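The values are calculated or read from the model by the stated rules, or taken from the named source; none is laboratory data. As the structure is a prediction and not an experimental result, all values here were calculated from the model. All Cβ positions, even for glycine, are placed from backbone atoms using ideal geometry, and neighbour counts span all protein chains on display.
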Amino acid sequence: MSRSSSTGDDERPLGTRHYLERFARAAQHRAGPGWLETLRGEAIASFAEIGFPTRRLEEWRYTSTAPIERVAFELPESDRSAPTPEELAEIAPCASQAWRAVFVDGRLCAERSVLPADSGGLRIDSLADALAGGEGEALVAAHLARQAPFKNDAFTALNTAFMEDGALVEIPPGWQEERPLYLLFVSTGNETISHPRTLVIARPGSRATLIQDHVSLDSGTRFSNAVCEVLAEENAALDLVLIQRENAQSYHVSNLQAVQERDSRVALHTITLGGALVRNELGLMLAAPGAEADLRGLFLGGSRRHIDNHTLVDHAVPHCTSRQLYKGILGGHARGVFRGRVIVRPDAQKSDALQSNPNLLLANQAEINTKPQLEIRADDVKCSHGSTIGQLDREALFYLRSRGVEERAARMLLTRGFAAEIAAGLPLESLSGWARQLVDSAVETLTADMEGSET
Amino acid sequence: MLEIKQLHANAGDTPIIRGIDLSIKAGEIHAIMGPNGSGKSTLSNVLAGKPGYEVTSGEILFKGRDLSEMEPEVRAREGIFLAFQYPVEIPGVNNSYFLKASLNAIREHRGEPTLDAMDFLALAKEKMSHVEMPSDLMNRSINEGFSGGEKKRNEVLQMLLLEPALCILDETDSGLDIDALRVVAGGVNLLRSPERSMLIITHYQRLLDYIVPDYVHVLADGRIVRSGGKELALELDQKGYGWIEEQARTEGHE
């Protein structure tokens, strides 16, 4: 990048220039290994080249990033205040039984975290340590930016250029401990940005549940630009839970990319309950026979919220299975997008791919754009997809009312019932019960908001 | 208890009920029989207040009050209960949670204290034993994956819990084998009381062997064309509905 060119000559939009300037300004403060500085440089160069996506791109047809570009987000200063233990217990009752790493605006808060001290080899480290040349450096160097390339992805490029911290998770071979791994990302401040980065390596034969929970404790405009890279090695079984429940002024862009080796199983549970604009990019590469991917999602929103889910399952080899169930609930003037791509490569015979996207629209002005996209280049496969857009079932509504349940309560019950399936799919009863509570109260808020706007 | 006067009603835009008069006093059991399409289910839906069913003229008084302006949930709280011909399956909504919400809504309306989870479960368990309902059905989604017989038991269980003033049974016998029929009827009979009325809608006489009515009415073409005692049901069982429909048609053209 040429530092001599004045910003006045730069034809790039203001939003793009902002990040280029911040990158240049931060250059002298960054102290990391050479390979990392090279990677960051490549990433920012990619971003400079492509800039923020426009709606002319097929991938971004229904989602405008203009609200994100308009704000000159800054990395927060050092006074990042951690949640109190009481707040923590309230945010996530399940965290008390879990290994947990608490991040505040993307930085690890060690006092609130409970990390394994080399307990049988389970590793949950601060990525910052590894990036600063710490003990996990070799591991990070070998895996970072492999699963989530940034060449054509402005947000991943930004994350790679600016990432400060995140989690480095390595689940050792044969690990079977039931205790879940919980990563909490709390955002604070106003017009602040964070670029959490998570690297998950599940070694052969391991089994684990990892929750990534994005929360805001108060109001204020924030932008979380998260990237998660996952490698599931042979026979590994991973349940990855993404919970997005930031405040109504916040933006959340998330890119999760997983590569699955032979006979591995990855279940991805994405529960989106908050945020003004949320974009989820989920990619699973079924790279060896016998791999199984199960994508389950629930997105819910009212007022003028915008929730965009893009999934891509790549059946690269024969004998792999993928399942997708995405449920949307939209009220007010909310807009939802579901684009589910499945690619079956020419050699990937005996692929088995199912995709389903039922949506519930609670208001006339709510909108969903659903676009299943099957690209099948093999002939001996089992693939199907379906999407529905509907309202609450009238018969069911009458049934509940005929038993004395008030109409508003009946609507809420039915909406919760529609949503229940996704939370119920979480592993461990304590987790699914907790997720169910989160979803139930989000449904209650949505129903109440709609009542308020009708009168 | 229930006074229906010159009731005309539509299902959607189609006139179905064409002038019904019916008076049910407290403690009485009335049966309404009739061929398919005679308006039996429309009548029960109109009484329960199902959206899409409209009273075009005449009136329905329940405990002296006009029903037409009451929302379905208000009717339920006032004591009207419709046992559905086809109970609705509701995935994701827990049966026990629903029954407790329903019971507490009605108890609150009656000025009775609401029940907590423990008290509710104890009460539900007792009532379930009356309809021989397996306890795991309480923890499933409402009617989801229930057999036909289990769905009807669930309806009668709700009736036993809610103790309505007027029970309307819409073809509760349909799809039941003889054992299930006996159990369901047994549950209904537990509710017989001098303060409670019942309207039993059925196509067949069979159910009335178990729940013996005080009066039987025959509905044809949206009107009651004949009323009598329980022996009328037997006569219909032997002779079928043809002769009555024929009569109704002739009278209709007079």
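Of the listed requirements (1) among the acidic types (Asp, Glu); (2) surrounded by fewer than 18 Cβ atoms within 10 Å (Cβ to Cβ); (3) within 13 Å of the chain's Cα centre (by Cα), B:GLU171 misses just one: (2).
Scanning segment A:70-123 for residues that are exposed (fewer than 12 other Cβ atoms within 10 Å of the Cβ) and more than 24 Å from A:LEU139 (Cβ to Cβ) gives A:ARG70, A:GLU77, A:SER78, A:ASP79, A:THR84, A:PRO85, A:GLU86, A:GLU90, A:GLU111. Number of residues in segment B:82-125 that are of a type in the set (Phe, Trp, Tyr) and either touching a residue at least 40 places away in the same chain (Cβ under 8 Å) or closer than 22 Å to B:LEU169 by Cα (or both): the value is 3.
Regarding segment B:24-34, can at least one residue be identified that is more than 26 Å from B:LEU208 (Cβ to Cβ) and among the acidic types (Asp, Glu)? Looking through segment B:24-34, none of the residues is more than 26 Å from B:LEU208 (Cβ to Cβ) and among the acidic types (Asp, Glu).
Here is the figure for segment A:393-409: residues that are crowded, with 17+ Cβ neighbours inside 10 Å and more than 8 Å from chain B (Cβ to nearest Cβ) total 1. For segment A:401-444, the set of residues classified as of a type in the set (S, T, N, Q), part of a helix (DSSP H, G or I) and without any contact (Cβ under 8 Å) to a residue 40 or more places away in the chain consists of A:SER432, A:GLN437, A:SER441, listed by residue number. Of all the listed residues (A:ALA148, A:ALA161), the sole one being in a loop (DSSP other than H, G, I, E, B) and either within 17 Å of A:VAL253 (Cα to Cα) or of a type in the set (Phe, Trp, Tyr) (or both) is A:ALA148. Of all residues in segment A:315-350, those that are closer than 18 Å to A:GLU58 by Cα and not hydrophobic (A, V, I, L, M, F, W, C) total 5. Taken together, the residues in segment A:333-379 that are touching a Gly at 6+ places or on another chain (Cβ under 6 Å) and either not hydroxyl-bearing (Ser, Thr, Tyr) or not in a strand (DSSP E or B) (or both) amount to 9.
Pairs linking a residue in segment A:293-304 that is within 22 Å of A:ALA353 (Cα to Cα) to a residue that is not in a strand (DSSP E or B), with Cβ atoms under 7 Å and 6 or more positions apart or on different chains, are A:ARG296/A:ILE422; A:ARG296/A:GLY425; A:GLY297/A:ILE422; A:LEU298/A:ALA419; A:LEU298/A:ILE422; A:LEU298/A:VAL439. Scanning segment B:123-168 for residues that are acidic (Asp, Glu) and under 27 Å from A:ALA419 (Cβ atoms) returns B:ASP136, B:GLU144, B:GLU150, B:GLU155.
Restricting the search to segment B:77-87, which residues are within 9 Å of chain A (Cβ to nearest Cβ), closer than 20 Å to B:ARG153 by Cα and buried (at least 22 other Cβ atoms within 10 Å of the Cβ)? B:ILE80, B:PHE81, B:LEU82, B:PHE84 - these are the residues of segment B:77-87 that are within 9 Å of chain A (Cβ to nearest Cβ), closer than 20 Å to B:ARG153 by Cα and buried (at least 22 other Cβ atoms within 10 Å of the Cβ).
Tallying residues that are among the hydroxyl-bearing types (Ser, Thr, Tyr) and surrounded by fewer than 24 Cβ atoms within 10 Å (Cβ to Cβ) within segment A:271-323 yields 2.
For B:LEU67, the stated conditions hold: it is touching an Asp or Glu at 6+ places or on another chain (Cβ under 9 Å), without any contact (Cβ under 8 Å) to a residue 24 or more places away in the chain and surrounded by 15 or more Cβ atoms within 10 Å (Cβ to Cβ).
Could you tell me whether any residue of segment B:210-228 is loosely packed, with under 15 Cβ neighbours inside 10 Å and closer than 21 Å to B:ARG77 by Cα? Scanning segment B:210-228, I find no residue that is loosely packed, with under 15 Cβ neighbours inside 10 Å and closer than 21 Å to B:ARG77 by Cα, so the answer is no. All of (1) in contact with a strand residue (DSSP E or B) (Cβ under 9 Å, 6 or more places away or on another chain); (2) more than 9 Å from chain A (Cβ to nearest Cβ); (3) modelled with pLDDT of 95 or more hold for B:ILE142 with one exception: (2).
Of the strands (runs of 3 or more DSSP E) lying entirely inside segment B:139-254, those containing at least 1 residues that are among the small types (Gly, Ala, Ser) and touching a residue at least 60 places away in the same chain (Cβ under 8 Å) span B:197-202, B:215-220. In segment A:164-198, the qualifying residues are those that are acidic (Asp, Glu), at negative phi and not in a strand (DSSP E or B), and the one that is farthest from the chain's Cα centre (by Cα) is A:GLU177.
The condition (being out of contact with any Pro (no Cβ under 9 Å at 6 or more places or on another chain) and within 14 Å of chain B (Cβ to nearest Cβ)) is satisfied by just one residue among A:LEU438, A:LEU413, A:LEU446, A:LEU426: A:LEU413. Checked against the criteria, B:ARG192 counts as under 17 Å from the mean Cα position of the chain (by Cα) and surrounded by fewer than 21 Cβ atoms within 10 Å (Cβ to Cβ). When A:ASN369, A:ASN359 are screened for being more than 14 Å from every other protein chain (Cβ to nearest Cβ) and either touching a helix residue (DSSP H, G or I) at 6+ places or on another chain (Cβ under 7 Å) or buried (at least 17 other Cβ atoms within 10 Å of the Cβ) (or both), only A:ASN359 passes.
Looking only at residues of segment B:88-103 that are more than 7 Å from chain A (Cβ to nearest Cβ) and outside any helix (DSSP H, G or I), we find that the one that is nearest to B:LYS125 (Cα to Cα) is B:ASN94. In segment A:118-141, the residues that are within 22 Å of A:LEU184 (Cα to Cα) never reach a residue that is among the polar types (S, T, N, Q) with C-beta atoms less than 7 angstrom apart, at least six apart or across chains. If you filter segment B:104-126 down to residues that are facing chain A (nearest Cβ under 8 Å) and surrounded by 17 or more Cβ atoms within 10 Å (Cβ to Cβ), you find that the one that is farthest from B:LEU191 (Cα to Cα) is B:ALA105. Residues that are touching a strand residue (DSSP E or B) at 6+ places or on another chain (Cβ under 7 Å) and part of a loop (DSSP other than H, G, I, E, B) were ranked within segment A:219-262; the one that is surrounded by the most Cβ atoms within 10 Å (Cβ to Cβ) is A:ALA236. The strands (runs of 3 or more DSSP E) located wholly in segment B:4-76 that include 1 or more residues which are within 27 Å of B:ARG249 (Cα to Cα) and within 14 Å of chain A (Cβ to nearest Cβ) occupy B:53-62. Count of segment A:164-189 residues, restricted to those that are at pLDDT below 95, under 17 Å from A:VAL253 (Cβ atoms) and of a type outside the set (Gly, Ala, Ser), is 1. Entry remark, segment A:300-321: residues being part of a strand (DSSP E or B), under 24 Å from A:VAL439 (Cβ atoms) and hydroxyl-bearing (Ser, Thr, Tyr) number 1 in total.
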